[in-house]
Amino acid sequence: MSLPKEWVDSNNLDKGDLVNIEELASGDLRLSALQENSTKREIELDCCAIGDGLIDLMIGSYIAGADVIKLTCSSPIPRKTRAEVRAFLRDTRGMEIEVDNEKEIRIVSILNPSELRLQVSINRMYILISSLVNDAFDVLSGESVELLSDIEDRERQIDARRLLLERQVAASLQQPSVERKLGIDRFSAMEHANIARVLERMGDHATRLAHLVNEHSDVVKIETNDMPLSAIPVWSNHLKTIVHNMYTRDVEIIHSAKIALAQLGNDVEEAESELWTGRASADRLLSEFRISESVRRLCAYSVNFAEIFLNMLMYQRLERI
């Protein structure tokens, strides 16, 4: 069987080299080079010419699957750029500096994208989000505000996990070996990326809620058994049910949790209108409304979360006729 010359050249294949053939769920056969893992993908960025957009380009390179990010400059690399590099390393996973001199910084990946299951990052994001919301609830219940002393650190961890998961998804779409080792197909890979984005948005509102409680707990007068605070334990239990059924794949349980979360969000929204009928101070009203909005958004994104799981489960049940 003859193969396209361009494909053979791009994969550095010679006559007699072995290739891998596998059957996809669609029934098609996919041909891939066995040597693909030895290929490193590198990108070079002129950090002095780019200016303020450097960190965005570094993160874009990371998500796209760059194994090596080389920053160069014709003059000594400025301190601001080095600070951006430190921020990049703090906000990503599996990247380390290999070369660091006056005019070049070389950052390399030390984490194989197929070594960490996608569910691990999803679980970690879920745990961080739940802890932020539940700690905020506990502070309003009378616990010490010290529970919320590391909000920024938890937010960074959520964002870092999202970036890592998107990097893994990109790698699985580009490299059949990564797709095989992760045990996912392309549809599931893209849905995992959607899950990561939904969880990141949930993380944003969990962080916002935690900051509100940390800064204004003294003016918030809502009782924990009244809306919207009473919705938090209910939200937490339903979200836990959905996450735990990532493994049992019980469609009915996930769907029931989704319906309950949608109704919970509606209940929170209805209760918001009552906030403005009182005679409380403007600071108190604004804080309580913003808390209510964050709880409502958490419910809405949790519904999206459940819907994505249902999509994945239905895809797995498809049969070829």
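Here are some notes:
- The stretch 44-72 - residue that is of a type in the set (V, I, T) and modelled with pLDDT of 90 or more and, of those, surrounded by the most Cβ atoms within 10 Å (Cβ to Cβ): I69
- Residue satisfying all of: in the stretch 130-183; part of a helix (DSSP H, G or I) and among the hydroxyl-bearing types (S, T, Y); nearest to N11 (Cα to Cα) among these: S177
- Some residue of the stretch 104-116 being exposed (fewer than 14 other Cβ atoms within 10 Å of the Cβ) and acidic (D, E): yes
- Each residue in the stretch 184-225 was checked for being touching a residue at least 12 places away in the same chain (Cβ under 8 Å), under 16 Å from V139 (Cβ atoms) and not in a helix (DSSP H, G or I), and 6 pass.
- Yes/no for R117 being in contact with a Gly (Cβ under 9 Å, 6 or more places away or on another chain) and in contact (Cβ under 8 Å) with a residue 60 or more places away in the chain: yes
For every residue, the table says whether it meets (1) modelled with pLDDT under 90; (2) under 19 Å from the mean Cα position of the chain (by Cα).
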{"position": "E179", "(1), (2)": "yes, yes"}
{"position": "A189", "(1), (2)": "yes, yes"}
{"position": "R197", "(1), (2)": "no, yes"}
{"position": "A206", "(1), (2)": "no, yes"}
{"position": "H211", "(1), (2)": "no, no"}
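- Which numbered condition S75 misses (of (1) more than 25 Å from H211 (Cα to Cα); (2) in contact (Cβ under 8 Å) with a residue 24 or more places away in the chain; (3) surrounded by 12 or more Cβ atoms within 10 Å (Cβ to Cβ)): (3)
- Hits in the stretch 266-311 - residues which are crowded, with 22+ Cβ neighbours inside 10 Å and either at pLDDT below 85 or outside any helix (DSSP H, G or I) (or both): S287, E288
- Checklist (1) touching a residue at least 40 places away in the same chain (Cβ under 8 Å); (2) more than 17 Å from the chain's Cα centre (by Cα) applied to R93, failing item: (2)
- Whether a residue is polar (S, T, N, Q), within 21 Å of the chain's Cα centre (by Cα) and either surrounded by 14 or more Cβ atoms within 10 Å (Cβ to Cβ) or not assigned by TED's automatic domain parsing to the domain that holds N194 (or both) was assessed, and T81 does not pass this test.
- Qualifying residue in the stretch 234-252 (condition: in a loop (DSSP other than H, G, I, E, B), farther than 16 Å from Y126 by Cα and either modelled with pLDDT under 90 or not acidic (D, E) (or both)): yes
- Taking the criterion of being at pLDDT below 90, surrounded by fewer than 16 Cβ atoms within 10 Å (Cβ to Cβ) and within 12 Å of the chain's Cα centre (by Cα), the only residue of the stretch 120-141 that qualifies is V120.
The values are calculated or read from the model by the stated rules, or taken from the named source; none is laboratory data. Everything quoted here is computed from the prediction, not taken from an experiment. For neighbour counting, all protein chains shown are included, and Cβ atoms are generated from backbone atoms with ideal geometry for every residue, glycine included.
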